Structure formats: structure tokens, C-alpha cells
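The values are calculated or read from the model by the stated rules, or taken from the named source; none is laboratory data. Because the structure is predicted, anything quoted here is derived from the model rather than measured. Every residue, glycine among them, receives a Cβ derived from its backbone with ideal geometry; neighbour counts consider all protein chains shown. For accessibility, only protein heavy atoms count, side chains too; no ligands or nucleic acids. Shrake-Rupley method; radii C 1.70, N 1.55, O 1.52, S 1.80 Å.
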Amino acid sequence: MSTEKTLRTVVVLPTYQEADNVEAALRLLLDSPVAPDVLVVDDSSPDGTGEVVQRVAAGLAPGRVRLLTRPVKEGLGAAYRAGFAAVLAAGEHDVVVQMDADGSHPVSALEEMLRRVAAGADVVLGARYVPGGSLDDAWPWYRKALSRGANAYARTLLRAPVSDLTGGFKAWRADVLRSLPLTELTAAGYAFQVQTTLAALERGARVEEVPIRFTERALGASKMSREIIGEAMVAVVRMRRHGATGARRR
């Protein structure tokens, strides 16, 4: 048995309006050689995402797929905090993976990410902006410019030694994730990705990156909005001044 298979792994998959994508995402994960468990954190999607998860869990993977339903939509950060709290409280896994449910993060990268964790990394990022990483050709130029610009903005202001600071595909050593002040990392949107990586770096975690190709979702609509972008820009400024939590130190 390979080393990465000996790591008890759970994937936390936040969803909202992903009924068209979540079954395919679950099937890919369940068929992956790393054989992870999956916790889907659904914000009461009105399109029936939760029902799809329950059907897949009952039919394909009893005991391997769980559903955590939250009463309202509160953003990506809140969904991850709830999911992380649930898996850490259970204490059943060595590695906690976070990734999108829309197919943009390649499940095939999990083997290398877990191999890095097994070799000593505390956090492994699936990175778009390292040699060998890339963005989908289907993305229009302005989305590529926004993505690259947001990442450069965060890296420059925070002086972080990470190429893809805004990325959301990560494998965490569970003990390292447990050491973070998750209740104080309160960004609602994609700034949460920056907060958690920065918090790990502040605690001296060994952060590594592996290249991925980030692909465009085939179905459904992106959750990105001007409000989310604005929140992230402000949050990065606060982190520059006060650290990962963005709170003034007394």
C-alpha cells in the first residue's frame, strides 16, 4: 500500500447550487487511488444539491460520504469553518483536503499532494502559478488578468513566500489545521483562502506547492462577485497591518 493511502484523508467540499456538478465530483473522489472520505457542506441549496449528495452517499459509498447542511448561505469561509470544525472534532483523519465541487480542481493531483504531506509538508497547495501550473484556455482574458492580479496583489502586500496565495485547493495536516485560530479567521468569501495560508505561515508551517491546471466549470455559474472581490481587497490590507486574523493586537 502506498504511503499516501495510509494517510486517513477527508475532503471538505463546500456547495451552493451545485446539483449539476456534485455527483461527478463525488464519483471522481470516491474512485481516486487515495480513497478519501468526503464531507459535503451545503448551504441549503434550493436546487437540491443536498438531495443529490444523499443519494450518492446511500448508493455508492455508505459511510464514506457525509452531508452537513447549514441553514443559510453565509459564504465560503463560513462553510469551511463549519466543515473543518466537524472533521477535527471527529478526530478520524490525518489529512484534511479542501477543494471546489465544480470540477475546477483536478482530483488527479491528490496523490502528489498527499505524497508531499507524507514526506513532511504541513500544507500542500495545488498551485496555478508555479512552473507546470496553468489556467484553462477557456477562461476569457479578463478573468485570467483578474486572477493573476488578485494573487499578485495579495502576495505583494503580505510578502508571502507562496506563488498561489489565493488558491483554494489545499491538503492540510490535520494537527496543523487544528492549530489555526479558525474562529478568528472570519472572511466570508475567497479572502478566507489567503487567511488560512497566511495563518499557517505565521505559525512556521512548511508550505509546499504542486502544479495544477485549473479548469473552467462545465455547468453552473461562478460564485465570484464584485462584493467578494471588494471584501478580499480590504481583508488583505487588514492582514498586512494586523496579521492573518486582520484584528488589531492589544
Kindly check whether there is at least one residue in the stretch 63-73 that is touching a helix residue (DSSP H, G or I) at 6+ places or on another chain (Cβ under 7 Å), assigned to a helix (DSSP H, G or I) and modelled with pLDDT under 95.
no
Out of the stretch 61-92, which residues are open to solvent by less than 50 Å² (accessible area, probe 1.4 Å), small (Gly, Ala, Ser) and under 18 Å from GLN193 (Cα atoms)?
GLY75, GLY77, ALA78, ALA79, ALA82, GLY83
Here the qualifying pairs (Cβ atoms under 8 Å; residues six or more apart or on different chains; first in the stretch 145-165 and in contact (Cβ under 8 Å) with a residue 60 or more places away in the chain; second assigned to a loop (DSSP other than H, G, I, E, B) and buried (at least 19 other Cβ atoms within 10 Å of the Cβ)) come out as ALA150/THR166; ALA154/LEU165; ALA154/THR166; LEU158/LEU165
Checked the stretch 72-87 for anything touching a Lys or Arg at 6+ places or on another chain (Cβ under 8 Å) and within 16 Å of LYS170 (Cα to Cα); matches are LEU76, ALA79
Only one of LEU219, LEU185 is over 22 Å from GLY103 (Cβ atoms) and either of a type in the set (Gly, Ala, Ser) or modelled with pLDDT under 95 (or both), namely LEU185
Given (1) farther than 14 Å from GLY168 by Cα; (2) modelled with pLDDT of 95 or more, VAL123 misses just (1)
Answer yes or no as to whether VAL52 is farther than 26 Å from LEU182 by Cα, of a type in the set (Val, Ile, Thr), in contact (Cβ under 8 Å) with a residue 40 or more places away in the chain and crowded, with 19+ Cβ neighbours inside 10 Å.
no
Helices (runs of 4 or more DSSP H) fully within the stretch 130-222 counting 2 or more residues that are open to solvent by 50 Å² or more (accessible area, probe 1.4 Å)
141-158, 174-179
